[in-house]
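Below you'll find the structure, written out as structure tokens, and then a few comments.
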Amino acid sequence: MNWEPVIGLEIHIHLKTRTKMFCRCEVAYSEPENTRTCPVCLAYPGSLPVPNAKAVEWTIKLGLALDCRIAERAIFHRKNYFYPDNPKAYQISQYDEPLCLDGRLVVPGESDTEVGIVRAHLEEDAAKNVHLGTAEGRISGASATLVDFNRAGTPLVEIVTQPDLRSADEARRFLQLLRQTVVELGISDAEMEKGSLRFDVNVSVRPEGSDELRTRTELKNLNSFAFAARAIEREVERQIGIYESGGEVEQETLHFDPGKESAPPLRSKEEAQDYRYFPEPDLVPIEPPAELVERARSELPEPPGARIHRLAGELDHATAADLVTSGRDSLYERVPGDRRAVANVLMNQFATTGVDPGAVDADELGKLIEARSRIPRDRFLEALGKSGDPSFAADAYLGDGLVADTSELEPIVDRILEANPGQVESYRGGKEGLLGFFVGQVMRETQGKADPKVVNQLLREKLSA
Amino acid sequence: MTDTLRLTAEEAMGLVERGEASGAELHAAYLDAIRDRDGELNAYLRTVDEADGAGVPIAFKDLISSKGVETTAGSKILSGYIPVFDSTVASRCREAGLPLLGKTNMDEFAMGSSTENSAFGPTRNPWDPDRVPGGSSGGSAAAVAAGLAPWALGSDTGGSVKQPASLCGIVGLRPTYGTVSRYGIVAFASSLDQIGPMTKTVRDNALLYRIVAGRDHCDTTTVELPEPVAIPDREDLKGVRVGVPRELNEAEGIEPGVKEAVDRTIELCRELGADVGETSLPRAVEYGLACYYLVAPAEASSNLARYDGARYGLRVDGPNVREMYEKTRDAGFGDEPKRRIMLGAYALSAGYYDAYYGQAQRVRTVIAQEHAAAFEQFDVLVSPTSPTVAFKLGEKAENPLAMYLSDVLTIPSNMAGLPGLSIPCGLSDGLPVGFQLIGPQFSENLLFRTGHALERAIGFDFVPGRLQ
């Protein structure tokens, strides 16, 4: 029997507003512990939440970018539970009347995948617990737990998808596209390392062709898209293995160790927690004015998915998606020259430089890429590294540093030919493929500084003499 | 030496304006009075020695945060908690130059109708120290009645300003929900809590309401007052349509002496020129109390969850965090908060939410609609504030349901978010009877006008006989 994975995602994104969701503390990531706090985010008696209007507006923007319906009336609810990182003992979240509903995001591919968005809602993040006494900072075996409230109250958007994804790779591509969408809206850094993008994955499998939904497991603490894709693949195989040996998959949560990918996940049974949700009486309903929604709609940038489609016409889908989701597609479109060559350089060598694509003079970069075969590898990388400098000019690297002077190269060529009489004989006997061997020898001798064009020419002349 | 027993806030203001007494002198005079008389009453949990402000001093119920002054809400779980910020009402009083006299006793987290639920001992009624002052703002009521504060602020969730005002023979306003900021007020039930002035006269009440009311950007449930607060001076009730809701005036448990004083006052309304007629609030009274005891505990169960020993107040250590929570909350909360937390958590649980909390919210809408219908015909509705005069300490302490019935007449309009004013309207067996005036939203000016005219006509002596 063929099995089909059924995958759904729950994504949390920090909004990069200047201040927190319900108070005026600055949103901070690397400040000393507990220096961005106030009576509201520490839940002092009598403190009250005041919603961040920017966060509401940005959530609406995101909802529109995900083709959601924006609720005319949304309500904050209290989600009640005790935990040290939850100072009020309730999280202000949204429950049955979220801001954004029923959206979709199309993941471009050979055939497009439409992923339904159940909802996108606004809530506040918890504080950060720091467990002492264990090397990994995990709670089991910890001798004490300290709480850093800097993060408490950071605006957080939760996006829940339909279980519409059918492979680990599709899930990875969806996440990359969603991340890029969010980044381009300018509402979040969406950086996993920083914790401003987190996600959980629900995985189940079913016989291909069936539309049943079998027991799912939840994968938590996945700290990169690639790791997530591998973890999903393993989980899919595990579940298939269970069914094929006549077993049943149990509903459970798999907690991965973000510090150690190879570590097997900790398993826990899902406890049916009763959060005793009820409408937050300290806040009035959010009723986004139609003008605000329409203005946000009119300000939406061209969605990344559309650009992937456009670029896939001249490249392939994977490369187009890579360019777009890495934020290098607009540079790609500006740089003149062979499309595939430009795409390859941007996705490989250029990617390693960390240069801001927006700062690059595209024409100069085009010249550089055009001439790349004539530039030694190290020099080419060095040039790419400087391509964002305002004074960058490709000319400085074309030829410069390359020895094209025949009087300098001729003795070296002669020496190489003398040292390899056998190869010279074979070449002259018709094995012309050996030319590359001689070129390589010259390049090695000159530490790559010889102009390959000149070397080729010299060698041909001498060998045919 | 100023005689604080009889001095109204308005008179005290006059003394300050004419330079006959400074704010600091008034403050000192009240502190002297507190030293003299509060040993018996226990109206104050703590006093503030230094007068911070040149105006008429004021007392705050102990759930109003005042920067640097311990605030316990009558609970052991908050003992030692010193707010690092002013509540909005505290800062408005500070801006108005009112120096703080101290923090007054209350039922723990405002849960109670007698102030016997305070973790710091009960407050006694200045009219008869064997009796309760009402609650939960019993400390503020007793302080004003006994001349230990010219005016005070209380808070009213189910009747906690109106009922103690009634039992102590003073004036208490529960304002329209949303007119006074709750920022910095230790929360009991957020959708019902309102801060209200407690004073000797209706004019004092309007003066204090004017200081504290108005929109606050720190409390998004507040609104701007539709019209400025008017200090009442008319002595007639011409053109005022007074409705007498049958169910509120004939409820079971209303003492004959209370009924008599209230009926006399209704007659007085007529004499002052009001059009008096009968009306009905059938479901508001029948279901109000039950509805309240689902909504208020539900919100309380969530509001009180933050007292976990981690950040402030009491902490009882345990081997792990769960046990720290349990031990802290077990030792820190008294019986009434525990009872209501359990009740509230139950009403919110999955599978019960719709039948309890959800249903209560729907009933609340019905109650509001019933009041709105009555206000199509009448400008104010009147009734006794409390079915009884002050009862004896211990009389209802062991019977929560009997205690809950103390608020049966104040709760319905509170559930509808409406303002209510209680004024003393006479004595029954030597103890004050309160007259409740209920108006539509934002009708405080009309309540003040009506209350003031009646107050003049009644001529109630607010100084307890035994202190004269």
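The values are calculated or read from the model by the stated rules, or taken from the named source; none is laboratory data. Keep in mind that what you see is a predicted model, and the values were worked out from it rather than measured. In this analysis, Cβ positions are derived from the backbone assuming ideal geometry, glycine residues included, and neighbour counts consider all displayed protein chains.
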| Could you list, in sequence order, the residues of the range A:244-292 that are away from chain B (no Cβ under 14 Å) and aliphatic (A, V, I, L, M)? | A:Val249, A:Leu254, A:Ala263, A:Leu266, A:Ala290, A:Leu292
| said: Take B:Tyr352 and tell me if it is touching a Phe, Trp or Tyr at 6+ places or on another chain (Cβ under 7 Å) and in contact (Cβ under 8 Å) with a residue 60 or more places away in the chain. | reply: no
| When you scan the range A:318-345, how many residues do you find that are under 15 Å from A:Gln180 (Cβ atoms) and in contact with a Pro (Cβ under 9 Å, 6 or more places away or on another chain)? | 11
| query | How many residues does the range A:66-81 contain that are away from every other protein chain (no Cβ under 11 Å), of a type outside the set (Lys, Arg) and touching a strand residue (DSSP E or B) at 6+ places or on another chain (Cβ under 7 Å)? | reply | 7
| query | Would you say B:Glu260 is touching a strand residue (DSSP E or B) at 6+ places or on another chain (Cβ under 9 Å), crowded, with 20+ Cβ neighbours inside 10 Å and either free of Cβ contacts under 8 Å to residues at least 40 places away in the same chain or outside any strand (DSSP E or B) (or both)? | reply | no
| field | Check on B:Asp86, surrounded by fewer than 24 Cβ atoms within 10 Å (Cβ to Cβ), within 14 Å of another protein chain (Cβ to nearest Cβ) and more than 17 Å from the chain's Cα centre (by Cα) | value | yes
| query | Is it the case that some residue within the range A:201-220 is within 14 Å of another protein chain (Cβ to nearest Cβ) and either exposed (fewer than 15 other Cβ atoms within 10 Å of the Cβ) or more than 30 Å from B:Ala300 (Cα to Cα) (or both)? | reply | no
| query | So, of the residues in the range B:66-81 that are under 15 Å from B:Tyr307 (Cβ atoms) and within 11 Å of another protein chain (Cβ to nearest Cβ), which turns out to be surrounded by the most Cβ atoms within 10 Å (Cβ to Cβ)? | reply | B:Ala73
| Qualifying helices (runs of 4 or more DSSP H) (wholly inside the range B:316-426; at least 3 residues being within 14 Å of chain A (Cβ to nearest Cβ) and among the aromatic types (Phe, Trp, Tyr)) | none
| remark: Going through the range B:50-104 in order, the residues found to be touching a Lys or Arg at 6+ places or on another chain (Cβ under 9 Å) and either acidic (Asp, Glu) or at pLDDT below 95 (or both) are B:Asp52, B:Gly53, B:Asp62, B:Glu70, B:Asp86
| request: Could you look through the range A:44-56, keep only residues that are in a helix (DSSP H, G or I) and either in contact with a Pro (Cβ under 8 Å, 6 or more places away or on another chain) or farther than 18 Å from A:His14 by Cβ (or both), and pick out the one that is farthest from the other protein chains (Cβ to nearest Cβ)? | output: A:Ala55
| request: Might you let me know whether the range B:218-230 holds any residue that is among the polar types (S, T, N, Q) and away from every other protein chain (no Cβ under 14 Å)? | output: no
| task | Would you confirm whether any residue within the range A:194-213 is within 21 Å of A:Val324 (Cα to Cα), small (Gly, Ala, Ser) and not in a strand (DSSP E or B)? | result | yes
| query | Which one of the conditions (1) of a type in the set (D, E, K, R); (2) closer than 25 Å to B:Arg124 by Cα; (3) not in a loop (DSSP other than H, G, I, E, B) does B:Arg449 fail to meet, given that it meets all the rest? | reply | (2)
| remark: Scanning the range B:56-100 residue by residue, the ones that are assigned to a loop (DSSP other than H, G, I, E, B) and either over 25 Å from B:Ser22 (Cα atoms) or of a type in the set (Val, Ile, Thr) (or both) total 18
| field | Output for the range B:268-289, where each listed residue is surrounded by fewer than 14 Cβ atoms within 10 Å (Cβ to Cβ) and either of a type in the set (Phe, Trp, Tyr) or more than 12 Å from B:Leu237 (Cα to Cα) (or both) | value | B:Gly277, B:Glu278, B:Pro282
| message | Taking the condition of being of a type in the set (Lys, Arg) and surrounded by fewer than 18 Cβ atoms within 10 Å (Cβ to Cβ), how many residues in the range B:355-371 meet it? | response | 1
| task | Just give me the residues in the range B:297-315 being touching a residue at least 60 places away in the same chain (Cβ under 8 Å), surrounded by fewer than 24 Cβ atoms within 10 Å (Cβ to Cβ) and at the interface with chain A (Cβ under 8 Å from one of its Cβ atoms), in sequence order. | result | B:Tyr312
| field | Selection status of B:Gln441, closer than 19 Å to B:Glu260 by Cβ, polar (S, T, N, Q) and not in a helix (DSSP H, G or I) | value | no
| field | Spans of helices (runs of 4 or more DSSP H) in the range B:133-221 with at least 3 residues surrounded by fewer than 24 Cβ atoms within 10 Å (Cβ to Cβ) and over 13 Å from the mean Cα position of the chain (by Cα) | value | B:202-212
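Residues checked against (1) on the phi < 0 side of the Ramachandran plot; (2) over 19 Å from the mean Cα position of the chain (by Cα); (3) of a type in the set (A, V, I, L, M); (4) not in a helix (DSSP H, G or I):
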{"site": "A:Glu302", "(1), (2), (3), (4)": "yes, no, no, yes"}
{"site": "A:Gly305", "(1), (2), (3), (4)": "yes, no, no, no"}
{"site": "A:Arg310", "(1), (2), (3), (4)": "yes, yes, no, no"}
{"site": "A:Val324", "(1), (2), (3), (4)": "yes, no, yes, no"}
{"site": "A:Tyr332", "(1), (2), (3), (4)": "yes, no, no, no"}
{"site": "A:Arg340", "(1), (2), (3), (4)": "yes, yes, no, no"}
{"site": "A:Phe350", "(1), (2), (3), (4)": "yes, no, no, no"}
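One line per residue, one yes/no per condition, for (1) outside any strand (DSSP E or B); (2) crowded, with 16+ Cβ neighbours inside 10 Å:
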site: A:Thr59; (1), (2): yes, yes
site: A:Leu64; (1), (2): yes, yes
site: A:Ile92; (1), (2): no, yes
site: A:Ala120; (1), (2): no, yes
site: A:Glu123; (1), (2): no, yes
site: A:Leu146; (1), (2): no, no
site: A:Val157; (1), (2): no, yes
| message | When you check A:Ile416 against the structure, is it under 26 Å from A:Met347 (Cβ atoms), crowded, with 19+ Cβ neighbours inside 10 Å and either touching a Phe, Trp or Tyr at 6+ places or on another chain (Cβ under 9 Å) or not β-branched (Val, Ile, Thr) (or both), yes or no? | response | no
| task | For the range A:66-82, enumerate the residues that are out of contact with any Gly (no Cβ under 7 Å at 6 or more places or on another chain) and either in a loop (DSSP other than H, G, I, E, B) or not aromatic (Phe, Trp, Tyr) (or both). | result | A:Arg69, A:Ala71, A:Glu72, A:Arg73, A:Ala74, A:Ile75, A:His77, A:Arg78, A:Lys79, A:Asn80, A:Tyr81, A:Phe82
| task | Scan the range A:129-144 for residues that are in a strand (DSSP E or B) and either modelled with pLDDT of 95 or more or polar (S, T, N, Q) (or both) and jot them down. | result | A:Asn129
| request: Check whether at least one residue in the range A:83-90 is in a strand (DSSP E or B), more than 27 Å from the chain's Cα centre (by Cα) and either under 23 Å from A:Ala190 (Cβ atoms) or within 14 Å of chain B (Cβ to nearest Cβ) (or both), and report yes or no. | output: yes
